[in-house]
Amino acid sequence: MLKGKHIILGISGGIAAYKSVVLLRLLIKAGAEVQVVITPSGKEFITPVTLSALSGKPVVSEFFTANTGEWHSHVDLGLWADAMVIAPATANTIAKMANGVADNMLVTTYLSAKAPVFVAPAMDLDMMAHPSTVRNIELLRSYGNHIIEPASGELASHLVGKGRMEEPENIVKALERFFASKSDFAGKKVLVTAGPTYEKIDPVRFIGNYSSGKMGYALALEAADRGGEVTLVSGPVNMNVSHPRINLVKVESAKEMLSACESIFTDTDIAIMCAAVADYAPKHTADRKIKRETSDVPVIELVKNPDIAKTLGQKKRDGQTLVGFALETDNESVNARGKLESKNLDMIVLNSLRDKGAGFGTDTNKVTIYTRDGRELPFGTKPKEDVARDIIDTIMTL
Ligand code: PMT
């Protein structure tokens with residue numbers, strides 16, 4: 001899969017840089033052409049001589065060669081690449097990438113790169129867990145970058161926790177998988193719903209739920225990376241996405257979500273209903289804030305919201321694929337199969353709130369997929385990006 005591919009290997013300054021040598025060897029062995037770009041502090045950990053000997057190319061680190069004045073064009077490099085891999089990506093480099101601090105060759109190349117970017121963080125567990133690192137990694141995700149999650153284990157500090165750079169073999173596998181599946185959604189029109197819906201009680205209050213949008217946004221990115229033209233209809237979430245093939249449509253209520261979905265469904269090949277749509281909405285929305293001082297405890301009459309998946313299921317025609325989710329707390333598989341039938345879905349993705357690391361808000365999910373042709377496919381707990389890949393892979397088998 002990597003034969004002839006142009007890959008930029010970005011190395012920043014961390015102990016895990018020694019693993020980058022193995023990664024470089026594996027990439028070369030797999031037939032890739034690799035250009036190493038290393039930060040000044042990366043060179044403290046691993047020498048350019050080793051890297052250039054293995055890659056067969058001079059290592060790029062500075063903007064120009066001091067004695068000749070030769071300029072190294074980060075723009076040309078960015079255009080040359082089929083993929084850029086930053087391994088190890090330190091907290092410092094991640095922060096610079098997230099915020100566009102272009103003070104070294106690696107970050108300027110990253111900012112110029114048009115190709116997909118894979119980021120393999122490596123740092124101590126406390127740095128990894130710090131809200132600033134967490135936010136910066138989220139920002140990279142929202143730019144469409146692929147985060148290769150670090151593993152847990154013994155770290156350079158001898159502390160044990162999450163922060164070990166993923167093993168080079170697995171980074172190569174992630175690249176191979178990416179290139180293998182890269183275009184299987186090409187030309188497909190994909191609709192993804194994500195996040196919660198908010199149903200207004202008055203101008204300051206609403207009925208909603210804990211959906212963060214992470215699962216739906218990961219699905220939209222995976223479908224777009226694989227060539228799909230994606231419309232992401234999102235309820236109110238604290239996430240953003242920037243991808244040339246994702247059209248983000250923001251809505252608030254279930255009715256707005258239904259109308260956004262209905263308006264494009266006829267022109268959709270694959271619809272994935274990941275949103276946690278509120279099943280009920282207040283019958284009346286107060287124009288002004290309901291005041292504690294001037295009213296008794298209010299009674300809020302509820303009405304049923306439209307079932308978006310079911311509505312699309314009734315309109316589905318041959319050749320269209322409709323995928324739903326089931327979020328359950330009990331009787332999981334019976335309920336999931338029931339929804340597969342009643343909503344006329346082709347496939348349903350069950351996640352249970354009884355499973356640790358599954359469902360709302362988490363970075364991971366644990367799902368079982370049920371297909372209309374009778375398959376039941378259980379998966380382990382994994383990052384939502386990987387779950388998205390499993391879901392899209394399974395859609396391809398329908
Ligand atoms: O956003 P995250 O924090 O990452 O969390 C992800 C998730 C838990 C929200 C997601 O994985 C998930 O399970 N989404 C579906 C949640 C849900 O509403 O499940 P449900 O079993 O109530 O609904 C079944 C299906 O019908 C879903 O596809 C849902 O989108 C759809 N539905 C439900 C109600 C309704 N009124 N209209 C609908 O279209």
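The values are calculated or read from the model by the stated rules, or taken from the named source; none is laboratory data. Everything quoted here is computed from the prediction, not taken from an experiment. For neighbour counting, all protein chains shown are included, and Cβ atoms are generated from backbone atoms with ideal geometry for every residue, glycine included. Note: accessible area is taken over every heavy atom of the protein model, side chains too, but ligands, DNA and RNA are not part of it. Shrake-Rupley method; radii C 1.70, N 1.55, O 1.52, S 1.80 Å.
List of remarks:
- Within the range 57-74, the set of residues being open to solvent by less than 70 Å² (accessible area, probe 1.4 Å), in contact (Cβ under 8 Å) with a residue 12 or more places away in the chain and not in a strand (DSSP E or B) comprises K57, V59, S61, F63, H72, H74.
- Residue list for the range 213-271, restricted to those being among the basic types (K, R) and within 20 Å of A115 (Cβ to Cβ): R226, R245
- Of the residues making up the range 165-223, those that are under 19 Å from E138 (Cβ atoms) and among the polar types (S, T, N, Q) are S211, S212.
- Matching entry among A186, A223, A174, A151 (being within 16 Å of the ligand (Cβ to nearest atom) and within 30 Å of E33 (Cβ to Cβ)): A223
- Scanning the range 362-386 for residues that are without any contact (Cβ under 8 Å) to a residue 12 or more places away in the chain and not in a loop (DSSP other than H, G, I, E, B), we see that the one that is surrounded by the most Cβ atoms within 10 Å (Cβ to Cβ) is D386.
- Tallying residues that are among the hydrophobic types (A, V, I, L, M, F, W, C), outside any strand (DSSP E or B) and in contact with a helix residue (DSSP H, G or I) (Cβ under 7 Å, 6 or more places away or on another chain) within the range 334-361 yields 1.
- Annotation note: Cβ proximity below 8 Å between a residue of the range 333-344 that is among the polar types (S, T, N, Q) and a residue that is more than 10 Å from the ligand (Cβ to nearest atom) (sequence gap 6+ or interchain) occurs for S333/T368; S333/Y370; S333/E376; N344/Q314; N344/K316.
- So E62, is it in contact with a His (Cβ under 9 Å, 6 or more places away or on another chain) and more than 23 Å from I148 (Cβ to Cβ): yes
- Pick from the range 209-218, criterion open to solvent by 40 Å² or more (accessible area, probe 1.4 Å) and either near the ligand (Cβ under 6 Å from one of its atoms) or not polar (S, T, N, Q) (or both), ranking: farthest from S253 (Cα to Cα): K214
- Search result, residues across the range 244-260 that are open to solvent by 30 Å² or more (accessible area, probe 1.4 Å) and either not basic (K, R) or not assigned by TED's automatic domain parsing to the domain that holds D279 (or both): P244, N247, L248, V249, E252, E256, S259
- Neighbours by Cβ (under 9 Å, 6+ apart or cross-chain): first from the range 265-285, over 17 Å from K250 (Cβ atoms) and open to solvent by 20 Å² or more (accessible area, probe 1.4 Å); second part of a loop (DSSP other than H, G, I, E, B) and among the aliphatic types (A, V, I, L, M): K283/I300; H284/I300
- Put simply, of I300, I395, I308 the only residue that is within 23 Å of G213 (Cβ to Cβ), more than 12 Å from the ligand (Cβ to nearest atom) and in contact with a strand residue (DSSP E or B) (Cβ under 7 Å, 6 or more places away or on another chain) is I395.
- Among residues of the range 84-96 that are free of Cβ contacts under 8 Å to residues at least 40 places away in the same chain, those with a Cβ under 9 angstrom from a residue that is open to solvent by 10 Å² or more (accessible area, probe 1.4 Å) and aliphatic (A, V, I, L, M), sequence gap 6+ or separate chain, pair up as K96/A102.
- Pair list, Cβ < 9 Å and 6+ apart or interchain, from the range 171-187 residues that are over 15 Å from F118 (Cα atoms) to residues that are open to solvent by 50 Å² or more (accessible area, probe 1.4 Å) and of a type in the set (A, V, I, L, M): A180/M1; S181/M396; D184/M396; F185/M396
- Candidate set from the range 15-46 (those that are in a loop (DSSP other than H, G, I, E, B) and among the aliphatic types (A, V, I, L, M)); member that is surrounded by the fewest Cβ atoms within 10 Å (Cβ to Cβ): A30
- Filtering the range 324-361 to residues that are of a type outside the set (D, E, K, R), open to solvent by 40 Å² or more (accessible area, probe 1.4 Å) and more than 7 Å from the ligand (Cβ to nearest atom) leaves T329, N331, S333, V334, N335, S342, N344, L353.
- Flag if A281 is more than 15 Å from the ligand (Cβ to nearest atom) and over 22 Å from L353 (Cβ atoms): no
- Count - residues of the range 142-170 that are under 29 Å from S242 (Cβ atoms) and free of Cβ contacts under 8 Å to residues at least 12 places away in the same chain: 0
- Figure legend. Inter-residue proximity from the range 212-228: first residues on the phi < 0 side of the Ramachandran plot and outside the structural domain of E138 (by TED's automatic domain parsing), second residues more than 16 Å from the ligand (Cβ to nearest atom) and among the basic types (K, R), beta-carbon distance below 6 Å, spacing 6+ or different chains. Indicated pairs: A224/R245; G228/K188.
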